[in-house]
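Participant: This structure is in structure tokens; I'll ask about it shortly.
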Amino acid sequence: MPDSAQLFLYSTTISDVGYVRSNNQDSSFAGEHLIAICDGMGGHAGGDTASTIAIRSLAHIEHDDTTGDVKAVAEMLEASVLAAHDAIVGKARRERKLSGMGTTVTAVALVGGYWVLSHIGDSRAYLLRDGHLIRMTQDHSYVQHLIDTGHITPSEAKTHPQRNVVMRVLGDFDIDPRPDILVHTAKPADRWLLCSDGLCGVLEDSTIAETLATTPDQNECAQHLVQMALKAGSTDNVTAVVGDATLALDANAFDLPHQTPLIGGAASASLEPIADILDKPVAAAPKLKDAGSPASRAAALIQSTEHEIMTPSAKSGKPSLQGKLQGKAEDQPQPDEGQRVAQPSTTRAETGELQMPDTGEIPVIMKRDGRTTDDPFDPDVVNAIQREHKAKDRSNRKRRRRGRMIVTIAVLLVAAVLCGGAYGTYAWSQTRYYLGESDGMVSIYQGVPTNIFGFQLSHEVEDTPIPISDLPQSWQEQLRQGISVDSLDAARERARYIGQESKDLQAQQAAKESAAATPSPTASTTASGAEGTGAGGTSGDAAGQNAAGQSSPADTGTANTGTTNTGTASTGGQVSQQ
């Protein structure tokens with residue numbers, strides 16, 4: 001290419017929390033000289049903190065890369081990663097809740113026509129060149145070690161139970177924090193994808209390659225990749241950074257395209273520190289577009305892979321990225337309306353938005369000669385730190401005492417309410433009475449037929465001489481459950497009623513039994529009259545048959561003697577009915 005030709009990097013990033021995690025622990029950076037992805041780990045608070053620290057440690061490379069010295073930038077990248085490691089370890093030791101936090105780092109810088117890559121962890125960097133996808137990083141993970149040693153295949157690694165175990169990472173771990181450094185010649189139309197394992201862990205390389213090759217718009221490409229990863233069932237945060245190398249024929253032209261650096265994921269929660277590091281505005285990354293229903297998302301993803309968005313080259317039949325990217329300032333990523341944009345402190349001071357920074361560690365004091373200092377080795381600063389620590393300890397002790405007092409008062413109030421409620425319930429129960437069972441007899445109880453936590457709310461006050469067994473089954477069931485009344489007099493009245501009903505039932509039962517044991521006098525009289533009326537005993541036998549409803553075998557032959565005898569038998573039957 002001509003001597004005056006120069007490559008420029010234009011990039012964008014999309015980061016989404018996903019469908020499972022409660023917070024986003026990924027952080028990303030997309031600038032003109034630097035792109036980076038950091039995947040944090042270590043719990044709800046630790047992962048996002050670690051990845052944010054790493055992005056802030058790397059951000060200065062965005063504006064420090066002005067000399068074109070590849071070796072210097074490579075050393076700068078390594079030093080920045082190690083500085084991030086020290087900062088993460090230091091913060092984890094100061095704050096116990098952050099113990100065990102860490103992050104992966106994958107960063108690419110464009111300098112002097114070369115790509116400088118720094119990598120540690122299991123996030124990945126892919127390079128699409130001339131339509132071919134090249135994986136530029138090696139996972140520092142346990143499953144990758146198993147693949148390298150021939151114990152498992154790449155397909156088996158996707159479902160291995162320890163696929164998330166990382167062997168090298170920055171953070172509060174006793175492992176080597178030095179990153180891999182790679183220098184590679186840059187070419188126009190090179191396209192980079194940096195992604196967390198929430199994306200590359202579920203999408204095949206062929207799918208990634210097709211999406212990168214057929215979607216020229218950077219933001220749309222990143223959106224498609226993240227949406228496909230979520231559709232494929234990713235259970236992690238999903239982050240993608242897409243960067244393109246564009247050739248400017250005149251490096252001194254005044255209308256060269258520029259972009260505002262984009263910050264994604266956890267690091268975007270506080271943009272001002274990064275704006276101060278770069279001394280230029282930075283913006284939060286665009287949000288993931290709502291893909292609608294699962295069916296519409298699937299249709300959109302299918303369409304994105306089946307149709308080319310830009311016209312293929314006449315010779316190669318492949319999309320021409322260079323023709324789309326070269327010198328198109330209006331097409332480069334810029335903050336959309338609604339995106340948060342942070343200005344550097346110099347601008348915030350002019351607009352009155354700058355607030356006094358809180359060092360949080362070292363106080364700034366004024367010496368007797370009017371100088372201000374925050375030197376931690378200055379005796380005055382040391383004394384000020386000690387005074388602050390003592391004041392902080394006193395404040396913490398007071399806060400703990402207040403907390404304990406509030407908890408104690410709350411417990412006492414709850415206990416008082418419970419005791420008052422229990423006493424009120426018991427007092428009300430003692431105004432009630434019911435009839436129940438005691439040792440097989442009907443008894444009168446004061447209270448209600450129930451208990452609270454094993455404590456009975458009733459006791460027996462009077463016995464009655466009424467056996468439960470003498471009562472009908474339905475009454476027995478009611479007495480076992482308790483027949484409630486309003487007062488003791490009402491209970492006694494109900495008991496007398498039950499006793500009287502029991503006596504009446506017993507009398508009726510006795511009468512029935514006596515009637516069943518005594519012969520019927522009417523039937524005897526009828527039988528005697530019939531015998532006197534019948535001729536030769538035949539009519540008497542017939543009458544006896546009508547009265548008793550049956551005849552003896554001996555009289556069967558004389559029962560059918562004629563009309564006269566039958567009529568006599570009927571007369572005998574009428575007497576019996578009267």
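The values are calculated or read from the model by the stated rules, or taken from the named source; none is laboratory data. Source: prediction; values computed, not measured. Cβ: placed from backbone, ideal geometry, glycine included. Neighbour counts: every protein chain shown. For the accessible areas, the whole protein counts, side chains as well, though only heavy atoms, and no ligand, DNA or RNA atoms are used. Shrake-Rupley method; radii C 1.70, N 1.55, O 1.52, S 1.80 Å.
Participant: Taking a spot 7 Å from the Cα of Arg480 along the direction of its beta carbon, which residues of segment 414-449 have an amide N less than 12 Å from it?
Facilitator: Under 12 Å, as judged by backbone N against the label point of Arg480, lie 437 of segment 414-449.
Participant: I've got another one for you. Write out the trypsin sites (Lys or Arg not before Pro) in segment 104-200 meeting two conditions: DSSP loop, and at most 16 other Cβ atoms within 10 Å of their Cβ.
Facilitator: The qualifying sites are Lys158.
Participant: Treating each Cα of segment 191-291 as an identical point scatterer and ignoring solvent, apply the Debye formula and state log10 I(q)/I(0) at q = 0.18, 0.20, 0.25 Å⁻¹.
Facilitator: Values, matching the q order: -0.96, -1.08, -1.33.
Participant: Compute the accessible area per residue over segment 112-203, keeping the other protein chains in place, probe 1.4 Å, unit Å².
Facilitator: Computed with neighbouring chains in place, this is 45 Å² per residue.
Participant: Here is a follow-up. Can you give the direction-averaged projected area of the convex hull of the alpha-carbon atoms in segment 177-230, in nm²?
Facilitator: 5.0
Participant: Explain nothing, just the number: dipole magnitude of segment 1-132 about its Cα centre with +1 on each Lys and Arg Cβ and -1 on each Asp and Glu Cβ, in debye rounded to the nearest 20.
Facilitator: 660
Participant: Still on this structure, please answer the following. Please give the contour-minus-distance gain from Asp130 to Arg340: 0.36 nm per residue of separation, less the Cα-Cα distance, rounded to one decimal in nm.
Facilitator: My answer for the length gained is 72.0 nm.
Participant: Another question, then. Return the FRET efficiency for the residue pair Thr235, His60: r is the Cβ-Cβ distance, R0 is 35 Å, and the value is rounded to the nearest 0.05.
Facilitator: 0.55
Participant: What is the log10 of I(q)/I(0) for segment 122-207, computed with the Debye formula using one identical point scatterer on each Cα and no solvent, at q = 0.10, 0.13, 0.17 Å⁻¹?
Facilitator: Rounded to two decimals, the profile gives -0.30, -0.50, -0.83.
Participant: Oh, and also: Give the calculated FRET efficiency between Glu220 and Ile181 to the nearest 0.05, with a Förster radius of 51 Å applied to their Cβ-Cβ distance.
Facilitator: Given R0 = 51 Å and the Cβ-Cβ separation, E is 0.95.
Participant: Same structure again: Mind checking the alpha-carbon convex hull of segment 104-258 and giving the volume per residue in Å³?
Facilitator: In segment 104-258, the Cα hull volume divided by residue count equals 140 Å³.
Participant: Over the Cα atoms of segment 11-57, what radius of gyration and what Dmax do you get, in Å?
Facilitator: 11.1, 33
Participant: Within segment 197-252, list the GluC sites (Glu not before Pro) lying in a DSSP loop whose Cβ has at most 15 other Cβ atoms in a 10 Å radius.
Facilitator: Taking segment 197-252 and a limit of 15 other Cβ atoms within 10 Å, the loop GluC sites (Glu not before Pro) found are Glu204.
Participant: Have a look at segment 63-166 and give its Rg and Dmax from the Cα atoms, expressed in angstrom.
Facilitator: Gyration radius and largest Cα-Cα distance of segment 63-166: 17.1, 49 Å.
Participant: Label points 7 Å out from Cα along the Cβ direction at Ser206 and Glu75: separation in nm?
Facilitator: Roughly 4.6 nm, to one decimal.
Participant: Translational diffusion coefficient, Stokes-Einstein: compute it for segment 452-505 using the Kirkwood radius over C-alpha pairs as Rh, at 25 °C and 0.890 mPa s, and state it as an integer in µm² s⁻¹.
Facilitator: The calculation lands on 196 µm²/s.
Participant: Please compute the net charge surrounding Cys195, taking Lys and Arg as +1 and Asp and Glu as -1 over other residues with Cβ under 10 Å from its Cβ.
Facilitator: Net of charged neighbours comes to -2.
Participant: Here's a follow-up. Just list whichever of Lys91/Lys390; Lys91/Lys398; Lys71/Lys187; Lys187/Lys280 have alpha carbons separated by over 24 Å in the model shown.
Facilitator: Lys91/Lys398; Lys187/Lys280
Participant: Relative contact order of segment 163-268, please, whole-number percent, based on alpha carbon pairs below 8 angstrom and at least 6 residues apart.
Facilitator: 31
Participant: How much of Ile498 can a 1.4 Å solvent probe reach, expressed as accessible area in Å² and rounded to 10?
Facilitator: 10
Participant: Accessible area, 1.4 Å probe, largest first: how do Tyr433, Tyr126 sort?
Facilitator: Putting Tyr433, Tyr126 in descending order of accessible area: Tyr433, Tyr126.
Participant: Another question, if that's okay. Over segment 85-217, what is the relative contact order in percent, taking alpha-carbon pairs closer than 8 angstrom and at least six residues apart?
Facilitator: Over segment 85-217, the number comes to 31 percent.
Participant: Taking the Cα-to-Cβ direction at Ser438 and at Ser395 and moving 7 Å from each Cα, how far apart do the two end points lie in nm?
Facilitator: Each label point lies 7 Å from its Cα, and together they span 6.8 nm.
Participant: Could I ask something else about it? So if each residue of separation counts as 0.36 nm, and I subtract the Cα-Cα distance between Asp504 and His459, what length gain in nm does that give?
Facilitator: Value of the extension gain: 13.2 nm.
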